[in-house]
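Heads up, the thing below is written out as structure tokens.
The values are calculated or read from the model by the stated rules, or taken from the named source; none is laboratory data. In this text, all values refer to a predicted model and were calculated from it rather than measured experimentally. So basically every Cβ, Gly included, is an ideal-geometry build from the backbone, and we count neighbours across all protein chains shown. Calculation scope for accessible area: heavy atoms of the full protein, side chains included, ligands and nucleic acids excluded. Shrake-Rupley method; radii C 1.70, N 1.55, O 1.52, S 1.80 Å.
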Amino acid sequence: MESAVVNPRDLRFQIFDVLGAEALCARARYRDHDRESLDAALDLAIQIADEVLWPNAPIGDRDEPRLENGRVRVPTAIHESVAAITDAGFVAAALDYDRGGMQLPAVLLQACLGVLKAGDTAAAGYLMLTKAAANLLDVHGTDEQKRLYMEPLYAGRYLGTMCLSEPDVGSSLGDIRCRAVSAGDGTYRLSGSKMWISGGDQDISENIVHLVLAKLPDAPPGVRGISLFIVPKIRVNADGTLGAANDVAVAGLNHKMGYRAISNCLLSFGENDACEAHLVGAPQEGLACMFHMMNEARIGVGISGAMIGYAGYMQAVRYARERRQGRPVDDRDPTRPPVPIVRHADVKRMLLKQKAIVEGALALCLTCARYLDDMTTAAVEGERRRAALLLDILTPIAKAWPAEFCQEANSLAIQVHGGYGYTRDFPVERLYRDNRLNAIHEGTNGIQAIDLLGRKARLQDGAAFKALTEEIRADIATARDLPALAEHGDALAAATSEIEGATTAIGTARAEGRIGDSLANASLYLNALGHIVVAWLWLRQAHAADAALRQGAAADDAAFYRGKLAACRYFFRYELAGMRPAIALLARVDTTCAEMDADLF
């Protein structure tokens with residue numbers, strides 16, 4: 001049966017043919033796995049997405065969580081979706097066997113989580129935050145904190161949140177007002193408010209573990225003074241049983257345009273001076289601890305953006321094949337029956353653009369996961385360090401690029417449906433609304449752009465940027481020797497040289513003290529470098545497809561591979577080529593936007 005949310009053939013092509021995931025099974029950590037077990041994990045994720053999450057998604061979108069007598073009530077359908085993911089073991093899938101995990105490679109787990117998000121990103125969101133919270137405590141928590149909070153999170157009995165923003169303080173975390181004071185018994189009393197807390201309250205789990213950023217009384221100003229605390233909704237006794245309710249209240253719900261099934265709360269801590277909190281890590285090192293969760297969440301947002309776009313593309317292709325309307329422009333005989341709209345050139349254009357974007361975005365997120373596997377399990381230390389560098393520079397791109405451009409793919413999916421596309425009769429309008437949130441989630445795209453240009457591109461005197469361009473140039477050299485890919489190799493070589501020149505020019509402006517000018521076009525820089533990275537990953541896919549065709553692929557497979565080559569050709573000729581004028585602006589360190597007087601708006 002065809003999946004509603006993903007093309008399993010593409011998923012396996014990217015994971016095994018392009019990224020070589022089966023070779024990971026030779027490594028000690030993954031030696032109990034083989035192709036069959038990895039395929040089984042993918043099949044299970046697709047089954048849950050198609051049979052549980054996808055049918056329940058419109059229910060959670062229509063009947064969003066509601067606040068009743070201080071408690072948030074979530075539709076039963078979302079309870080079922082969360083239980084299906086938990087029962088399948090995906091929250092703890094990366095853990096060791098003796099801790100209840102599957103020791104699943106990161107690239108396989110990311111693919112599975114992406115499929116679940118394509119089914120319903122809101123329902124899956126409860127558990128993605130939970131997984132990230134548990135992973136943070138696994139690294140920074142004490143043995144007691146792991147026993148009382150981390151283990152129930154991995155088991156899915158507790159769900160987790162990330163509490164950073166405040167009502168008057170969005171992304172400027174140095175200005176947070178939430179405070180914690182020692183209670184003299186090893187615990188703290190926390191007070192203040194947090195805003196935009198996904199999963200901040202719900203009736204799905206036994207308990208909720210809030211990870212809260214706050215400041216101690218003697219904290220220095222700015223981000224250096226931030227500490228991290230565990231704040232349970234219900235206090236947990238030393239033996240692991242639940243105690244009294246903690247002093248955490250839901251002050252209100254935010255009603256969002258998308259992701260409606262996951263509650264989004266304004267939380268008030270310590271209204272009665274009785275909010276018990278537990279310090280995680282050392283005082284004033286909270287932001288460093290929280291970045292462990294934030295980086296994971298950012299890649300999670302990226303795969304959400306990619307797979308919501310992918311689900312929209314799948315729906316658009318299905319509709320275009322079934323919907324009959326009009327006749328070819330070169331054969332308008334009114335006595336002939338209307339043709340499926342997939343035969344019209346402009347519909348082909350829209351579908352081809354969606355395919356190039358969403359399959360490229362998926363490649364980006366899976367490549368990051370593959371680097372995570374290398375960073376943690378490669379046999380050679382140098383390979384692990386290089387993978388870490390590449391993951392560092394790709395993380396802001398992996399968060400922002402899918403959120404930006406897969407939103408455009410979702411818009412095109414609506415356009416393919418025509419008037420039906422903006423009605424609730426079809427799911428593409430819901431997918432569009434869901435994906436719009438991802439450019440804001442976990443640090444806006446603008447913040448990711450500043451992080452990329454201001455930090456990651458300069459990391460270790462440009463070592464991360466250099467490692468990335470070296471990887472790209474290695475595949476360019478291979479492509480130039482292949483007739484089917486030589487044109488693309490040349491185009492990518494030119495674009496790569498141009499972004500290197502722009503990066504140098506921006507660095508010069510910074511060295512001259514023009515820091516504001518150097519970061520003024522950071523978003524443009526992220527989009528441009530993102531296009532170059534996605535073009536590189538399309539080149540990799542095209543190389544694998546071309547090799548399969550030259551080896552004599554069967555008819556059905558040959559059509560799939562030709563589709564890959566066509567999408568690669570489109571991305572290079574239309575998308576990458578269209579970005580090169582922006583790279584020229586970057587190279588000039590253009591200040592048109594920065595120079596605009598605020599009073600002129």
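Annotation: amide H-H contacts under 5 Å for V72 (H modelled 1.01 Å from N, sequence separation of 5 or more, or interchain): Q202.
Split the accessible area of segment 206-334 by element, probe 1.4 Å, and carbon with sulfur accounts for 50%. Note on D273 and K146: their simple-model spin labels are 3.7 nm apart, each label 7 Å out from Cα toward Cβ. Under 17 Å of direct C-alpha separation, and excluding same-chain neighbours fewer than eight residues apart, K456 reaches these lysines: K399, K466.
Can you tell me the FRET efficiency between D43 and A244 if r is taken as the Cβ-Cβ distance and R0 is 56 Å, rounded to the nearest 0.05? Don't jump to the answer; show the numbers that get you there.
Numbers: r = 44 Å, r/R0 = 0.79.
Result of the calculation: an efficiency of 0.80.
Ignoring any ligand, DNA or RNA, what whole percent of the accessible area of segment 132-199 comes from carbon and sulfur when the probe is 1.4 angstrom? Mind showing how you got there, number by number?
Details: 1250 of 2780 Å².
Percent of accessible area from carbon and sulfur atoms in segment 132-199: 45.
The Cα atoms of segment 122-227 give a gyration tensor whose axes a ≥ b ≥ c have a/c of 1.5 or more with a/b no greater than b/c, which makes the shape oblate. Rg/Rh for segment 226-319 (Cα atoms only, Rh after Kirkwood) is 1.11. Hey, with R₀ at 51 Å, roughly what FRET efficiency would T187 and H255 work out to, going by the Cβ-Cβ distance, to 0.05? Efficiency for this residue pair is about 0.90.
Distance between the pseudo-spin-label points of T423 and M596 (7 Å out from Cα toward the beta carbon): 3.8 nm. Please enumerate, by chain and number, the lysines with C-alpha under 27 Å from the C-alpha of K215, excluding those fewer than 8 residues away in the same chain. Leaving aside lysines fewer than 8 places away in the same chain, those within reach of K215 are K131, K146, K194, K233.
From the Cα gyration tensor of segment 33-163, with a ≥ b ≥ c the square roots of its eigenvalues, which class applies: rounded if a/c is under 1.5, or else prolate if a/b is larger than b/c, or else oblate?
Values: a/c = 2.44, a/b = 1.12, b/c = 2.19.
Taking the square roots of the gyration eigenvalues as a ≥ b ≥ c, segment 33-163 is oblate.
Rg and Dmax, both from the Cα atoms of segment 168-279 and both in Å, are 14.3, 44. Accessible surface computed residue by residue for the chain, with neighbouring protein chains in place and a 1.4 Å probe, gives 40 Å² per residue. Helices that extend 27 Å or more along their long axis by alpha-carbon positions and average at least -0.5 on the Kyte-Doolittle scale are, among the DSSP H runs of the chain, 106-140, 286-322, 345-377, 381-417, 459-479, 486-511, 522-550.
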